[in-house]
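The values are calculated or read from the model by the stated rules, or taken from the named source; none is laboratory data. As the structure is a prediction and not an experimental result, all values here were calculated from the model. When we count neighbours, we look across all protein chains shown, and the Cβ atoms used for this are built from the backbone with ideal geometry, even at glycine. Protein only, heavy atoms only, side chains kept; ligands, DNA and RNA dropped before computing areas. Shrake-Rupley method; radii C 1.70, N 1.55, O 1.52, S 1.80 Å.
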Amino acid sequence: MSTKEIFNRLLNHEELSRSETKSILVGITHEDFNTEEITALLTALQMRGVTVDELLGFRDGILETGVSAMLDCDRYIDVVGTGGDRKNTFNISTTSCFVIAGAGYKVAKHGNYAATSVSGASNVIAQHGVKFTADIDKLNRSINECGIVYLHAQLFAKAMKFVGPIRKALPFPTFFNLLGPIINPSQPKCQLLGVANLDQMRLYSNVYQKIGIDYAIVNSLDGYDEISLTGDFKVTTNNYEKIFSPQSLGFDLAKPEEIVAGANEEEAAAIFDSVLENRALPAQKNIVLANAAFGIQIMEKGMKSIEECIEIARESIDSGKALATFKKFQQINS
């Protein structure tokens, strides 16, 4: 399909197929499009809105042109947020991953440096002396010996470098912001995703159904892209769709100021440490327990109640297993 045909179809509000958007993404990596054409493409799709099949096609292209990390482990989970909620919370998803791993489940955490907050997953991991790698033997050793592996996005999604400067120059987010959660190079069969609004929840629910994985998508109704416990939150999974209150799960209502990351990476890392060491503020620990519990429920294929899963997560922290898992992870990956 020629560049002219692509833009004619977009200007006519026509949808592209999954195979067509995959070809476009591959073409970008082959430098078949110039800067102006990529800018126009991103703008046109943002104005019209990307469809499920279009998003999946771009995902296919990124995975095909990137570095694979197919692990020799059958069932593991990624816990990730879309970002962009501008709430500057501490590293809730990353901390939850170590709680899940401490409870005996396998985790392949995919992440990057922060875009709109003080500390992203890669920031807090790097703060602890961990060296990022794409070496499959090292990655397999990590998930097999301590139950968790970290996949730093920039080592795997090679296509992103071709659009990075353009995305940065544009004054609005693009569909590439939606791709982050679904381009884990290990392609996990389980995922807990936090989204910033209910439109995103519907989009990703359709995406996950087409990919065919076990999932839960969460949104705090006051705008957090994770379970913040600052108010009611909605969860949609393969099996149910429900609104929860913190109190219904035995948690106190959290205050927004109790869950912020702090002023810099060091302060965010200190909160991460305090949760795993079981000396955090109650609100900080509870938020990690809630998010980890829904991840555990996915790994259990919905066969355990969320209350049971909360207690599994609690035991991971209280017993010191979550902290021991992190210490072992540091030892293997430093």
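Some notes on this structure:
- Scanning segment 25-39 for residues that are in a helix (DSSP H, G or I) and polar (S, T, N, Q) turns up THR29, THR35, THR39.
- Residue count for segment 11-70, restricted to those that are open to solvent by less than 20 Å² (accessible area, probe 1.4 Å) and free of Cβ contacts under 8 Å to residues at least 24 places away in the same chain: 1
- Failed item in (1) within 16 Å of ASN88 (Cα to Cα); (2) without any contact (Cβ under 8 Å) to a residue 40 or more places away in the chain; (3) open to solvent by 70 Å² or more (accessible area, probe 1.4 Å), with THR230 passing the rest: (3)
- Inter-residue pairs, beta-carbon under 6 Å, first without any contact (Cβ under 8 Å) to a residue 60 or more places away in the chain and in segment 250-269, second among the aromatic types (Phe, Trp, Tyr) and assigned to a helix (DSSP H, G or I), 6+ apart: none
- Check on VAL207, in contact (Cβ under 8 Å) with a residue 24 or more places away in the chain and more than 18 Å from ILE92 (Cα to Cα): yes
- Residues (open to solvent by 40 Å² or more (accessible area, probe 1.4 Å) and over 19 Å from VAL80 (Cα atoms)) located in segment 135-156: ASP135, ILE136, ASP137, LYS138, ARG141, ASN144, GLU145
- Scanning segment 82-127 for residues that are of a type in the set (Val, Ile, Thr), modelled with pLDDT under 95 and under 11 Å from the mean Cα position of the chain (by Cα) yields a single hit, THR82.
- Segment 317-334, residues that are closer than 14 Å to GLU277 by Cα, polar (S, T, N, Q) and surrounded by 15 or more Cβ atoms within 10 Å (Cβ to Cβ): THR325
- Beta carbons closer than 8 Å, at least 6 apart along the sequence or on distinct chains, pair a first residue in segment 151-180 that is on the phi < 0 side of the Ramachandran plot and of a type in the set (Lys, Arg) with a second that is at pLDDT 90 or above and in a loop (DSSP other than H, G, I, E, B) for LYS158/GLY66; LYS158/VAL67.
- Residue, surrounded by the fewest Cβ atoms within 10 Å (Cβ to Cβ), within segment 235-286, restricted to residues that are of a type in the set (Phe, Trp, Tyr) and outside any loop (DSSP other than H, G, I, E, B): PHE244
- Among the residues examined, PRO181 does not qualify as modelled with pLDDT of 95 or more and touching a Gly at 6+ places or on another chain (Cβ under 8 Å).
- Residue match in segment 221-234 (condition: closer than 28 Å to PHE58 by Cβ and part of a strand (DSSP E or B)): yes
- For ARG202, the conditions (1) without any contact (Cβ under 8 Å) to a residue 24 or more places away in the chain; (2) open to solvent by less than 20 Å² (accessible area, probe 1.4 Å); (3) closer than 20 Å to PRO173 by Cβ all hold with the exception of (2).
- The condition of being assigned to a helix (DSSP H, G or I), of a type outside the set (Phe, Trp, Tyr) and under 28 Å from LEU71 (Cα atoms) holds for only one of GLN209, GLN191, that being GLN209.
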